[in-house]
1. I'm checking my understanding of the structure. Among residues of the stretch 1-48 that are touching a helix residue (DSSP H, G or I) at 6+ places or on another chain (Cβ under 8 Å) and basic (Lys, Arg), which one is nearest to LYS82 (Cα to Cα)?
2. Does the stretch 5-26 contain any residue that is of a type in the set (D, E, K, R), free of Cβ contacts under 8 Å to residues at least 40 places away in the same chain, open to solvent by 80 Å² or more (accessible area, probe 1.4 Å) and within 18 Å of ALA101 (Cα to Cα)?
3. If a residue must be assigned to a loop (DSSP other than H, G, I, E, B) and among the charged types (D, E, K, R), how many such residues does the stretch 8-35 contain?
4. Starting from the stretch 31-50, keep only residues that are basic (Lys, Arg), then list their pairs with residues that are at pLDDT 95 or above and surrounded by 15 or more Cβ atoms within 10 Å (Cβ to Cβ) whose Cβ atoms are within a distance under 9 Å, requiring at least 6 positions of separation or different chains.
5. Tell me the strands (runs of 3 or more DSSP E) entirely within the stretch 36-103 that contain at least 2 residues that are more than 19 Å from GLU23 (Cα to Cα) and open to solvent by 80 Å² or more (accessible area, probe 1.4 Å).
6. Mind checking which pairs have a first residue in the stretch 68-89 that is farther than 17 Å from SER34 by Cα and a second that is among the aromatic types (Phe, Trp, Tyr), Cβ under 6 Å, 6 or more apart or different chains?
Amino acid sequence: EKPQVLNVFVRVYPRAVGGELVEYHYDDVERHFSMVLDTVSGVTAPTVLAFPRDRLYPDGFVIESSDADGSWSWEVDEAGQKLSFSIDRSVERHTIHTRPAER
């Protein structure tokens, strides 16, 4: 296994978007992911990210959202290497960030 090659391909990315994807970016050096999505009327499904937690965030991670505290939630599926989150549907635009935890 060559980490310098594999780490370019193993990343966080949107697998399913519960709204309209505006943009996303993953920085494979810093391991920061950001995503912007808009609420779409009638869509209630969560957004699901590919989230290889063990490889990218072995020392923990932080998830941040532009939604107000308590109005959004997230859950990690370790077996499926997925991060699902639900947004505040009363807000039009949402920004999500993941990054390694501070050491």
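1. Filtering first and then ranking leaves ARG11.
2. Start the filter on the stretch 5-26 by keeping residues that are of a type in the set (D, E, K, R), which leaves 11, 15, 20, 23.
With free of Cβ contacts under 8 Å to residues at least 40 places away in the same chain added as a condition, the list becomes 20, 23.
Checking the rest, the ones that are also open to solvent by 80 Å² or more (accessible area, probe 1.4 Å) come to 20, 23.
Adding the requirement that they be within 18 Å of ALA101 (Cα to Cα) leaves none.
Checked against the condition, which is being of a type in the set (D, E, K, R), free of Cβ contacts under 8 Å to residues at least 40 places away in the same chain, open to solvent by 80 Å² or more (accessible area, probe 1.4 Å) and within 18 Å of ALA101 (Cα to Cα), the stretch 5-26 yields no hits at all.
3. Just the residues of the stretch 8-35 that are assigned to a loop (DSSP other than H, G, I, E, B), to begin with: 10-12, 17-19, 28-31.
So of that shortlist, the ones also among the charged types (D, E, K, R) come out as 11, 28, 30-31.
Number satisfying all stated conditions: 4.
4. ARG31/VAL12; ARG31/PHE61; ARG31/THR98; ARG31/ARG99; ARG31/PRO100
5. Details: elements: 47-50, 61-65, 73-77, 82-86, 93-100.
Passing ranges, in order: 73-77.
6. Listed pairs, sorted by first residue: GLN81/PHE51; ASP88/TRP72.
The values are calculated or read from the model by the stated rules, or taken from the named source; none is laboratory data. These numbers were taken from a predicted model, which means no experiment stands behind them. So basically every Cβ, Gly included, is an ideal-geometry build from the backbone, and we count neighbours across all protein chains shown. Ligands, DNA and RNA are stripped out before the accessible areas are found, and what is left, the full protein with its side chains, is counted by its heavy atoms. Shrake-Rupley method; radii C 1.70, N 1.55, O 1.52, S 1.80 Å.
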